[in-house]
Amino acid sequence: MPSFRFDVGTQVLCNLGQSGWKMGKVIALNYREDAWPPGQKAPYQVALEGEDGEFRLIYVPVDDDYCCRKPTDEDLKIANRADALAALPNETATKKQANNKNDVGTITTKNELGSTAVSVSDHVGYRAGLCHCCQPHPQSWSCVELYSEHYRGATRNDLKVTRRSIDLGSKKVGAEIECCSSKEVDLLSKSGFMQRPTLVRLPPGVRFADDGSLKGKIRFDPHRESSYKVEFVAVSAVDWKDPKIGLVRLEITFTVTDNDEPLGFDPDEFAAKQQEASAAAAGIYQKLCQTWDRWERSELDQRDTCDLMCAHLARLRDLLEEHPRLEDGLWWAQLGGFYMNVHKLLENTLFECELYLGYALTFGSVSVRQIAEQNLEGCYQKRLLESARFLWIDGVKQMMHNDFRGAIETFQKATAKKDGWGWAVNVGDIWIFEAAARLILTAEGNEKLSTQVDKLLEKHRARCKKTGTFKSSVHPWAAEVTSGLSAYRNLQSKKSKSSSDTTSSDSAGWLEGFKKRTLFWCAQVLGGVAPFPPKPRPRLEDAQVLVDRLPGHNVVYERS
């Protein structure tokens, strides 16, 4: 029998195309079906478990990572809990053994969290590189920072998570709900629960408030079955600094029954409108794919591609604002995912990616969550790349002000984000500037010349070779730094053999000249002059306006 990567019983992720990656278990090796031609076999047969608990059998045609792969830790967590703040199965067991205590986790207070260097309202505070590239203020954390397994702000920053669960039992349509405020139930935090609540999961007519309370009359929901379960989640970060509280994850569950069509409701008309909207969304999706394909075939330039993509995305967003619950959040996930393509073209749209993918997470659909999380894995990496780029720019500004030691520290932070890569920083630019700063400090007599400068320049050369960016194999500024390093060593060699004033004057003249060239190249970075990346573009739309346009509580169905 041929050798395969996975054995029977192994949990794997399978690529189902537009349906995304699905978790399954290998149940057979060297699989074949009777109708197949002689000799045709598939490496694996896999059993996939659906949201309804039903199993579906598929086969994997090729034994490679494109068709199936080993689940990551994030994949397993996505499969085993509702969001990044929910308890994992082993945590739940621990909680029961500990007399059903709701407090799980520990806290290590970080100086970075709550940093006054970044405004609470600054949606790009992560670019400062603090808090594992989460916003420094937990009270401003977005849906992705709270709920996504790939961002997991609480875990990365070692914040305590306190969990409160309330089961309201069964409620009929028409019943009144009034419960769960922090005055009635010990939620520990008295406010802050409207930070990023999953409002779309609530029945129409029921409102949620900042103190954790639900109030209202359950109304008919045409998007749901006659009986359905509500698993509503909200989080308060008001007491994140308190080691006894931390973040409070509130989950309110109940079952709604008798969600039957009222008089005057036409189910066929409603279904037709939903189908029409879905078809319109699918049409926009096709245009987005076609536009991106034309860009990859070099049929469109960058500006035209951005303009067309943004126009299609604006149409999709308008459609979703008219039909916010279309296909249980699927198209919000697609909206956020395609903004990632725009971001690849150096538009300042990571906020849109995270906003719409994060909103898709609030729907509670397992399949939509998986699609969103697949995109959010890349989004978090883009945060790291953005942080690296903006830290690099900060370090360049420090060099402009002759703070070379501070610049070195900043460059090292930038490099650590993604091993010298940054958003459009692809040839080891950060290493070149750190090498220049170290050379200047050495020439000023503030530190000894070490092999570190050579190593940094060698890293840059290796990165250039990998990317094939420069015909001369190095960046022109790197060539100057290399030449300057050689000249400095020659001067030092002469100085060791002679103590004449001429040698000292030559060294001072070299340093002055090298600083002037450093100033020139720093200015090129800040001016966005090639071969450095262009200046970061301003946002296309105001971030707060986009947040305000997101749907809130579900609207009550009104008879036409």
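Computed quantities for the displayed model
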quantity	calculated
Enumeration of residues in region 482-540 that are charged (D, E, K, R), surrounded by fewer than 17 Cβ atoms within 10 Å (Cβ to Cβ) and assigned by TED's automatic domain parsing to the domain that holds ALA443	ARG489, LYS494, LYS495, LYS497, ASP501, ASP506, GLU512, LYS516, ARG517
Meets criteria (over 30 Å from PHE351 (Cα atoms) and surrounded by fewer than 16 Cβ atoms within 10 Å (Cβ to Cβ)) for GLU299	no
Qualifying residue in region 45-54 (condition: outside the structural domain of TYR151 (by TED's automatic domain parsing), in a helix (DSSP H, G or I), surrounded by 12 or more Cβ atoms within 10 Å (Cβ to Cβ) and free of Cβ contacts under 8 Å to residues at least 60 places away in the same chain)	no
Test result for VAL396, aliphatic (A, V, I, L, M) and either modelled with pLDDT under 95 or in the same structural domain as PRO203 (by TED's automatic domain parsing) (or both)	no
Region 221-239, subset of a type in the set (D, E, K, R) and under 27 Å from the mean Cα position of the chain (by Cα), residue nearest to ASP328 (Cα to Cα)	GLU231
Residue that is nearest to the chain's Cα centre (by Cα), among those in region 240-252 that are surrounded by fewer than 16 Cβ atoms within 10 Å (Cβ to Cβ) and basic (Lys, Arg)	LYS241
Yes/no for VAL256 being surrounded by 15 or more Cβ atoms within 10 Å (Cβ to Cβ), more than 23 Å from ASP548 (Cβ to Cβ) and of a type in the set (A, V, I, L, M)	yes
Any hit, region 8-27, residues being in a loop (DSSP other than H, G, I, E, B) and over 29 Å from the mean Cα position of the chain (by Cα)	yes
Single condition LEU449 does not satisfy, out of (1) touching a Leu at 6+ places or on another chain (Cβ under 6 Å); (2) hydrophobic (A, V, I, L, M, F, W, C); (3) modelled with pLDDT under 95	(1)
Helices (runs of 4 or more DSSP H) lying entirely in region 290-387 (those with 1 or more residues that are of a type in the set (Lys, Arg))	302-322, 330-344
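The values are calculated or read from the model by the stated rules, or taken from the named source; none is laboratory data. In this text the structure is predicted, and so the values were computed from the model without any measurement. Neighbour counts run over all protein chains shown; Cβ positions are idealised from the backbone, glycine included.
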